[in-house]
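Heads up, the thing below is written out as structure tokens.
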Amino acid sequence: MGDLKGFLNYTRELPKSRAVEDRLKDYKEIYEEFPIEKTNKQASRCMDCGVPFCHNGCPLGNIIPEFNDAVHEEDWESAYKILSSTNNFPEFTGRICPAPCEASCVLGINQPPVAIEHIEKTIIEEAFKKGYAKPTLPNNKTGKKIAVIGSGPAGLAAAAQLNKAGHLVTVFERKDKIGGLLRYGIPDFKLEKWTIDRRVALMEAEGVIFKMNANVGENISTAELKKEYDAIVLCGGSTIPRDLPIEGRDLSGIYPAMDFLEQSNRRVSGQRIDEDKEIMATDKHVVVIGGGDTGSDCVGTSNRHGAKSITQIELMGKPPVGRAESTPWPNWPMMLRTSSSHEEGCERKWSISTKRFVGKDGNVTGIELTDIEWRFSKSKGRNVFKEVEGSTRIIPCDLALLAIGFLHPQKKGMLEQLGVELDERGNVKADNYQTSTPNIFAAGDMRRGQSLVVWAISEGREAARKVDLYLMGESKLEGKKHSQFQLEF
């Protein structure tokens, strides 16, 4: 490493957030500019540890010490080559990844970990600025045609890798714009959509074909796809939301979180929304049911709408402020996480059970809640909860957003027509990414269930390698363990 004492000379520093009162007026990214010299110093904190556990923490297997060293040396081209050898989309992961690599950083044992996510974002932005991130055409064409269904992070990663191998790749997206979850699920204040447009334009220049408003199984024939393409890669995501079937669920004003977020993202992009179908938090008492990232995104969006109040409730107990003893380093820690959306204003409550929705004239006006206590049951072998006597109450609610996850991919249409087997959870069953139909593969949330964007990219890359191997008998595509820069320990 270039500076063996960097971790002793500098502490962790990240870009500052814009003032809350300013960022609530728009949907732009919340961070201020960060001097490049400071990023160089942050990279120098990488401590040349004997075994870099950050490799294992990253689902993509990013080669972190090497690109940190290149950044410290201000060799941005090398840093970009190293990073892009394992990660197709650092502009996405550098903005929205929870950074499991940082949780595994050796320096993080007794100091703040290296600012890996920020460094990753800076590398890709410098690469675009300096012209290193440019279209790269495959050297040879194989003549094989591949259909990728879904343009979320898994689909985009699979398409990019398969195109790199020389195959003719067409991506089918049922919505009107490319990006999937990146486009319509994540608010602009976390991921502005020009980052997607920039990447899609680069992929198009490399030869990837994109078809929008192409709903396979409805207006695109599955039979025709099977005839025309040598392989199909299913990357449609986990799209069926988990519901809350309790009394009052049929009242107006109760929506799956993704309906709210997609509509908001469309509105921010300038698309018109039918006034009769608008979902707005303005001047309403908003209750977000679910304590995860999607719930946090609902909080930030509701704040920008000008909600009267925002309450986020979670069934599970409140995590500890620091790393829980049950998740020691280098594991992903169970701990309290406060997002930028929470900082903007929100009342958070844990160990809460939702009993019923109450309403008037067909509209939701409140939610009946009760406190619960979690205890380990020896007979059941797991934690169970019981209600706290006398804690039941009704809180005001004009808009309820269900951010409680997804069950499985949509089965009706494409999956039923293709006839691929499903697993016990309702996801597409795939052995090493290959489904029960040999030339049909699956990746991302459609295969493994709801997960992180970084995992979706990893899945897309690994599935592409398996497709290439299936079609050609061998593959030179990089996988998690096949990068030309990857070190073996």
### Gained length - Glu275 relative to Glu416, 0.36 nm times residue gap less alpha-carbon distance
47.3 nm
### Task
With only Lys, Arg, Asp and Glu charged, each at its Cβ (+1 for the first two, -1 for the last two), find how big the charge dipole of the chain is about the Cα centre; round to the nearest 20 debye.
680
#### Entry: Karplus 3J(HN,Hα) series, Hz, for segment 30-35 with 6.51 cos²θ - 1.76 cosθ + 1.60 (x for Gly, Pro)
8, 8, 7, 4, 10, x
### Task
Using the 4.7 Å Cβ rule, please list in number order the cysteines from the chain without any candidate partner.
Cys46, Cys49, Cys97, Cys105, Cys235, Cys298, Cys346, Cys397
### Message
With an 8 Å Cα cut-off and a minimum separation of 6 or more residues, compute the relative contact order for segment 182-289 in percent.
### Response
39
### Query
How do 132-143, 38-49 rank on mean C-beta neighbours within 10 Å, highest first?
38-49, 132-143
### Message
Taking 8 Å as the Cα distance limit and 6 or more residues as the minimum spacing, I'd like the relative contact order of segment 244-404 as a percentage.
### Response
30
### Message
What's the ranking of 392-400, 147-155, 81-89, 16-24 by average number of surrounding C-beta atoms within 10 Å, highest first?
### Response
147-155, 81-89, 392-400, 16-24
### Task
Using R₀ = 60 Å, calculate the FRET efficiency as 1/(1 + (r/R₀)^6) where r is the Cβ-Cβ separation of Asn219 and Lys378; round to 0.05.
0.65
### Query
Can you give the relative contact order of the chain as a percent, counting alpha carbon pairs under 8 Å and 6+ residues apart?
17
### Query
Taking neighbour counts of Cβ atoms within 10 Å as a proxy for exposure, in what order, fewest first, do Glu206, Glu218, Glu389 appear?
Glu389, Glu218, Glu206
### Message
When a/c reaches 1.5 or more, the comparison of a/b and b/c decides; with that in mind, is the chain rounded, prolate or oblate per its Cα gyration tensor?
### Response
oblate
### Query
Stretched out fully, how many nm does the piece from Lys349 to Trp332 gain, at 0.36 nm a residue minus the Cα gap?
3.8 nm
### Task
Note down the nm distance, to one decimal, between modelled labels 7 Å out along Cα→Cβ at Arg425 and at Ala205.
3.8
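Bear in mind that the values in this text are calculations on the coordinates, not laboratory data. The model shown is predicted, which means the values in this text are computed figures rather than measured ones. No Cβ is skipped: glycine too gets one built from the backbone with ideal geometry, and neighbour counts run over all protein chains shown.
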